[in-house]
Each structure stands twice: as structure tokens, then as C-alpha cells.
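The values are calculated or read from the model by the stated rules, or taken from the named source; none is laboratory data. Not measured: the values here are computed from a predicted model. No Cβ is skipped: glycine too gets one built from the backbone with ideal geometry, and neighbour counts run over all protein chains shown. Accessible surface is based on the protein model in full, side chains and every heavy atom, while ligands, DNA and RNA are left aside. Shrake-Rupley method; radii C 1.70, N 1.55, O 1.52, S 1.80 Å.
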Amino acid sequence: MQIRQPIVAVLGHVDSGKTSLLDRIRGTGVQGREAGGITQHIGASFLPSETIKETCGILYKKLEQAEHKVPGILVIDTPGHEVFTNLRSRGGSAADIAILVVDVNRGFQPQTNESLKILQSRKVPFVVALNKCDQISGWRKSETKFISQAIKEQDASIQTDLDQKIYDVVGTLSILGYQSEAFYRVKDFRSEIAIVPISARSGVGIPELLSVLVGLTQQYLQKRLNQEEKEPRGIVLEVNDEVGLGQTANIILIDGTIKKENSIVVAKRDSVIVTKPKAILLPKPLDEMRDPRDKFKPVSQVDAAAGLKIASPDLEGVLPGSTLYVATNDAEIEKYTKLIEAEMKSVFIDTETN
Ligand code: GDP
């Protein structure tokens, strides 16, 4: 079985710390660069397993023993539900798993509830990151990056306070129909949502958050991530007219491989278009960029999961959120055209009935 990296999205209320968490997760790659650190995609960042190993430390030992190891994680760079909404795929989501960020001092807020509803309707498993632990009144700063250790170093009253805040979240989630627990008390990760206290500011708890995330995907998402017999497909995140490139689409390739000689089959409002990419582009590493305008590197092939840009004049009018298939011959073009037509019909029924 060949499994790809899971696509991870970050959701939560405004100011809960989504951007800070993303920066922190990506920042962990900076020191890991020598060990084959993070690579930049279009709209996403890839953290290879070596980087995750470096961040998780001893926690990685268990993840390494899994029968099917993920080669890393692909984190969507733009947090919040706007992009998440465009990641819609076959009635579900292109995101395989999500991090729901909750401010530890504020608990559930309106957009936390909204995010949860979207995750629920798309059936996306998630982990709660209970952020800003460093802001709990009386919290003692410590050297460790492991939250389990940092909690032990707090006064008893602070430990009780954190426990209470965790139980507030457990209570709220229970009313909404979810069982949840602090990750160190979870007995069955399939039926209980794991809550991981973290601080995006200090980085404490990030090793546990990443190990829970990777552990869950390796254990429960194998079928979804297995690349055997999967149709090569992606989701359009945005379409632009760019100087020097013309019409482009930023896409997240969910499964399979895209090659320059392949045909792209994609929905356009009420029709299906077939086009060959003029170019497939990835961001250039900073050290290869001589001119700031020279941001992209043409490539001949990209494997899922990945964020990439395709340039083609035919892309004008393609809507964000559209599914895109990669065809290698005429029979596949016909097959995917029919599939998209069927999907368009079901989307139409969806909006009519909801
Ligand atoms: P977003 O709107 O959810 O993306 O939230 P941001 O990441 O922009 O964070 C909102 C504010 O909270 C910013 O001022 C951050 O510096 C701050 N913040 C985020 N995470 C933490 C944290 O773990 N601890 C503390 N003390 N502040 C944080």
C-alpha cells in the first residue's frame, strides 16, 4: 500500500490563533531544514516526516512503528472556513483532517461553532487545539516543548484551572454530539475527539498536536490516503489572470499524479472543459529566486498531495471549489467528463434541497 500525506486544514474563531499556529507549525520546519525540512507549495506547505520526527522527538517512536507510515503532512496555508468551503469534494472535503483552534480563555465562540458545523457536514475528523495556554493566569513558563511536561510544572491551582477549561470544551462538544477528552486521557481515538492544550506563541504542545494528528491519520485514514487505484483529481482554490502567465488556477492535487502532457478535465459553470496545461508551476525556493517577479518554477510532473499552479487560457471562468481530473487518454477524458457532469447535477440537487 502506498499512502500519501494527509491534507490538513486549520479552522476556528477569528483571533483564536489559527495563523500563529500555522506559522509555528511551519516554523518548526526552519530548524529542520537540514533534515529535509518543509517545502513550499501553492496554497500549502509540506512537512516531511523527518521534520515531524524532529518536532515530535520521542513521541515519534510510536508513529514510526506504524505499518503504513505517512510521508509527512500537507498543511493548507490559508486558515478559516472560506478556503475550507472551496475544498469541497464529492459531498465531503479535500481536507483529510482538521485542527479546530479554540482560545483556552474564551472557549467556544460563534465561528468555532460554525467551523464545527462545516466539519460535521463534510465528515472531516478533527483535533481540538486549545490555544493560548501561556495566557492562563499564573501559567509558569517552562523550557519544555511538551505540554504534558509543562502541565506537571504548573502549580496545582493552575492544573485545576486548565482541567476546568478542558472540561468546559468537553461539555460544549458533548451538547453538540461529540465525545471528547484531553488527549492524554483519550482511550479510543475513533470515538473521542482529542483536545491538545498548546501555545502557538511559545510552541508548547506542538509535538503532541502533531503526533496526535499523524497518529490518527496513520491509524484511521489509510484507505483514504492509499494511492492505489485512485483517480488523479484535485480541487481548484482560485483562478487568476496573472501577468506573464495569463489564466492560472491554483489547485490542491488530492490524489494521483499530474503531468504536463496530461489533459485536465474541469467544470466551468454549466459545462465541462478539457485543456492541456501550458505550464505546471511550483514556488521557487528563496535561494533560487533572483528576481521577486520570478516566483515560480515550471515542472513536468507533481505527485499528490500537493498545491500547484496550472496555466492555461481555457481556465477562464472556472469557479473555485470545482473538481478537476487528470486524464491520460481519450477514454479517460470521456469518463471524467461524465463524472463531472454527474457531480454538477448532484451539487445542483444539494443546493435545491438545502
Ligand atoms: P487568527 O485570527 O485565528 O488567525 O489569530 P492570530 O494567529 O492572528 O492570533 C490573534 C492574536 O492572538 C495575535 O495577537 C497573536 O499574537 C495572539 N496569539 C495567538 N496565539 C497565541 C498564544 O498561544 N499565546 C498568546 N499569548 N497569544 C497568542
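General remarks:
- For residue 18, a cut-off of 20 angstrom between C-alpha atoms picks up these aspartates and glutamates, skipping any fewer than 8 places away in its own chain: 77, 82, 96, 103, 114, 134, 208.
- Since only 298, 22, 323 are under comparison, the one whose Cα sits farthest along the positive direction of the charge dipole of the chain, derived from C-beta charges on Lys, Arg, Asp and Glu, is 22.
- In the context of the full set of protein chains, the chain has a per residue accessible area of 48 Å² (1.4 Å probe).
- Gain upon complete extension [residue 174, residue 187; 0.36 nm per residue less C-alpha separation]: 3.0 nm
- For residue 242, residues with placed amide H under 5 Å, excluding near neighbours: 247, 248
- Dipole of the chain [Lys/Arg +1, Asp/Glu -1 at C-beta], most positive-end residue of 177, 162, 148: 148
- Within the accessible area of the chain (1.4 Å probe), percent carbon and sulfur: 49 percent
- Karplus-derived 3J(HN,Hα), 6.51/-1.76/1.60, for each residue of the stretch 152-161, Hz, glycine and proline x: 4, 7, 8, 4, 4, 5, 6, 4, 5, 4
- Cα pair distances exceeding 40 angstrom across the chain, given as percent: 15 percent
- Net charge of neighbours whose Cβ lies under 13 Å from the Cβ of residue 159, counting Lys and Arg as +1 and Asp and Glu as -1: -1
- The stretch 136-264: C-alpha gyration tensor shape, a/c 1.5 cut-off, then a/b vs b/c: prolate
- Other residues within the sphere of radius under 10 Å centred on the Cβ of residue 94, judged by their own Cβ, net out at +2 (K and R +1, D and E -1).
- With the simple model of a label 7 Å out from the Cα in the direction of the Cβ, residue 334 to residue 231 spans 1.6 nm.
- Pair residue 167, residue 276: separation of 7 Å Cα→Cβ label points (nm): 6.7 nm
- Cα gyration tensor category, rounded, prolate or oblate, for the stretch 227-354 with a/c compared to 1.5: prolate
- The accessible area of residue 208, taken with all protein chains in place and a 1.4 Å probe, comes to roughly 10 Å².
- For the pair the stretch 248-322 / the stretch 173-243, the C-alpha centres are spaced 26 Å from each other.
- Selected from 100, 49, 244, residue furthest toward positive end of dipole (the chain; charges at beta carbon): 49
- Taken about its Cα centre, the stretch 182-321 carries a charge dipole of roughly 180 debye when the Cβ of each Lys and Arg holds +1 and the Cβ of each Asp and Glu holds -1.
- Spatially close Lys pairs in the stretch 57-196, defined by Cα atoms under 21 Å apart and a spacing of eight or more places or different chains, total 15.
- The Cα atoms of the stretch 43-160 give a gyration tensor whose axes a ≥ b ≥ c have a/c of 1.5 or more with a/b no greater than b/c, which makes the shape oblate.
- Counting 0.36 nm for each residue step from residue 144 to residue 61 and taking away their Cα separation leaves a gain of 28.0 nm.
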